[in-house]
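Notes follow once the structure below has been shown.
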Amino acid sequence: MAGEEERVSEGHEEDGVEAPTPSRRRAPPRARAAARADGHIGTDATPMEVDGTDPLVEAERPCARAPGAHTHAHAPPLVVSARSRVVSSHMYAQLCYDIRYALNHAPIAASLVESDELLALLLRSLALVEGMHPMARAMVVHVEHEDLAWGDAFSLCTEVEHLFPQLLAGIGVDGARARERYARLARSVCAALGGWLRASGAFESSGDEGEEWRAAKARAADGVRTRVSYHLPMHRLLAAIASYGAVQLGLSADELVPAAADASRGAAGGFAHSARHEPRAPRGTTMAASTTLLFDRLAELPLRLQLACAQVRAHMWARNGYAALKQASLYRSALFADVCLAPDIGLLQLCVVQQGFAHFLRSTLARWTLPPMRGGSQRALDPRDIAAQRELDEPSGAVLLEDLLATIVLVLRERTHSGDTAEQSAQRTLVHRLASAGSATHSELVNAIPRRLVELPTFDATLSTLATHAPPRGLQQGAYVIKPEAWAAFDPLGYPHYSRAELHRSLDRWQLARPAGDVSSAPAAPPPPPLARGFSALRTAARCGLLHALLLRALYDSYSGSGLASDSVTAVALRLLAECAFAEEAAADERAGSADGGARALAAGARGDAGGAVWRMDVDVDSDSAVPSSSYSPTRGGHRVRVR
């Protein structure tokens, strides 16, 4: 599967929706009742067959089950099988096209959002592809046969997720009515997703969470005992809903997830129902604390995908063949950005806004594990003892540390779901595509950019603004070349869709195009783009002591040439340090309030004689404290680090 965006699928066996098959196997009444109670399928709880031999829906082992989880009394959720002929022959494609065509009519989309019956049917259908075709990391021997079904699974989920923009258009923008539809849709998706997380056995323990359970969960995140699925349509629908509420409706952070607000008030339904049934919540836990645990669950699978991509780049999935490499490449590509990486980062940003960045970073560090030590044990990355982990495979560990820092940059910097309009996304994508390609024809650009951006009425005008068209010459086709002034928007370390080769090519071209006398090896980080109201907390999220300690350790190792140091780690760490500086400037502006003159004076004093931001970093690392305290202050004398 190369760049085909049209190969997509949809598995459905719901109430009144018959498979295109002559035979169908039914489960016992007790199993069917359990399945209906869990909300994962309408009538059957056993695999459905095509021609009596080919299962379309199977009871998969959930990709989210953690070690030590006790077995549910009810049946596991059913998942569409990517190996079914219904999926591999793309019988679902025409159905998806028909649904998309119908949802293009605003009254039909609005009626779907307002109908409890239709909305429940849609969410049960999405649950059938949630976590489909998971993959476990081969630890000892190489897989015997290449997995060829992963492309069909990607096609199916891509086509399903392309329905989301038309569905969200049914919310509308007409004031109070639109907010009511938004709240209805958000509550329904939260309830369905909470039910799926419970039914899949995700992140359960038999009692209160302790050190042993946390260690087991960290080992599970490494992919040793769990499986990873790139297909999370319900997670991504929730991210798309929150993005619509923030960007289109201008909702606040408290209004983005009304089910969480219901839970904090003790109301029934949505996340409140999930919080009361949260198996890890200790006795006496408040409803708000249980809601925090549920946001941990929401962030778990997207975080696991980021870790899996880092492990693939560190060659830790080499025994799985090309299936692991190709899925990770497509997941991070610009072509599949709208249905893979971007909504996952958007969901992580939503969790940051709801929980706070310090809590999110602690959870990330607990899950982001380094390669096995020679003794075979696992060690979680801790910012205070990186230097002590000398027995680790340092090349792989450096890659994991680099991608950890890059993921944090994305959570702080990405705006696809937290502030950018479609036109801004198109401009950013075109700049970085032209920077990497050097020159590209119109058809090459169209084939490398998400369909949503290509279909914009302003796409051609934006392209003409950013690039110069070189006319055909001889046998060479006409091509677009980036304009010199367009390089100002070039931010390679903040653009997540570059492969390593594309990153190096784009940096080489930038160095050729940079102004005379500029000897920098990489472009300076541009100021952060604006944020929607609901995600405004991201502006100052980098003012976190734990993040400062992590950066201090990474930069110190780079300076001393020890630990997990590498040039790439240093570059990303400095890029993240720039985000910390921007966060301090944003906090200073907020403190200044209406006194704009005072804020401008503070910013001018922070720039130093050379015109660039120079910061003194004071980090207090208390060995008895899990979260070190820190503070930034502007100075004209240079950079000083104090640790005690």
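Residues that are assigned to a helix (DSSP H, G or I) and more than 19 Å from Leu126 (Cα to Cα) within the range 144-161 are absent altogether. Whether any residue in the range 141-158 is open to solvent by 30 Å² or more (accessible area, probe 1.4 Å), in contact with a Ser or Thr (Cβ under 8 Å, 6 or more places away or on another chain) and farther than 24 Å from Leu456 by Cβ is what I want to check. No, every residue in the range 141-158 fails to be open to solvent by 30 Å² or more (accessible area, probe 1.4 Å), in contact with a Ser or Thr (Cβ under 8 Å, 6 or more places away or on another chain) and farther than 24 Å from Leu456 by Cβ.
For the range 322-364, the set of residues classified as outside any helix (DSSP H, G or I), open to solvent by 10 Å² or more (accessible area, probe 1.4 Å) and touching a Pro at 6+ places or on another chain (Cβ under 8 Å) consists of Leu335 only.
From Ala102, Ala138, Ala176, which residue is among the aliphatic types (A, V, I, L, M) and in contact (Cβ under 8 Å) with a residue 24 or more places away in the chain? Step by step, each of Ala102, Ala138, Ala176 is checked, and only Ala138 is among the aliphatic types (A, V, I, L, M) and in contact (Cβ under 8 Å) with a residue 24 or more places away in the chain. Looking at Leu538 and the list (1) open to solvent by less than 40 Å² (accessible area, probe 1.4 Å); (2) without any contact (Cβ under 8 Å) to a residue 60 or more places away in the chain, which single condition is not satisfied? Leu538 satisfies every listed condition except (2).
Scanning the range 471-486 for residues that are open to solvent by 30 Å² or more (accessible area, probe 1.4 Å) and either closer than 13 Å to Arg433 by Cα or assigned to a loop (DSSP other than H, G, I, E, B) (or both) gives Pro471, Pro472, Gly474, Leu475, Gln477, Tyr480, Val481, Lys483.
Listed conditions (1) small (Gly, Ala, Ser); (2) assigned to a helix (DSSP H, G or I); (3) in contact with a helix residue (DSSP H, G or I) (Cβ under 9 Å, 6 or more places away or on another chain) are all met by Ala461, apart from (3). Could you run through the range 425-484 and say how many residues are in contact (Cβ under 8 Å) with a residue 60 or more places away in the chain and in contact with a Pro (Cβ under 8 Å, 6 or more places away or on another chain)? The total comes to 4.
In the range 204-220, the residue that is modelled with the lowest pLDDT out of those that are surrounded by fewer than 23 Cβ atoms within 10 Å (Cβ to Cβ) and of a type in the set (A, V, I, L, M, F, W, C) is Trp213. Restricting Arg553, Arg575, Arg543 to residues that are open to solvent by 10 Å² or more (accessible area, probe 1.4 Å), under 27 Å from Gln355 (Cβ atoms) and under 21 Å from the mean Cα position of the chain (by Cα) narrows the list to Arg575. Name the single residue, out of those in the range 162-173 being assigned to a helix (DSSP H, G or I) and open to solvent by less than 20 Å² (accessible area, probe 1.4 Å), that is farthest from His105 (Cα to Cα). Among those residues, the one meeting the criterion is Phe164.
The values are calculated or read from the model by the stated rules, or taken from the named source; none is laboratory data. Just so it is clear, the model here is predicted, and its values are computed rather than measured. In this analysis, Cβ positions are derived from the backbone assuming ideal geometry, glycine residues included, and neighbour counts consider all displayed protein chains. SASA here: full protein model, heavy atoms, side chains in, ligands and nucleic acids out. Shrake-Rupley method; radii C 1.70, N 1.55, O 1.52, S 1.80 Å.
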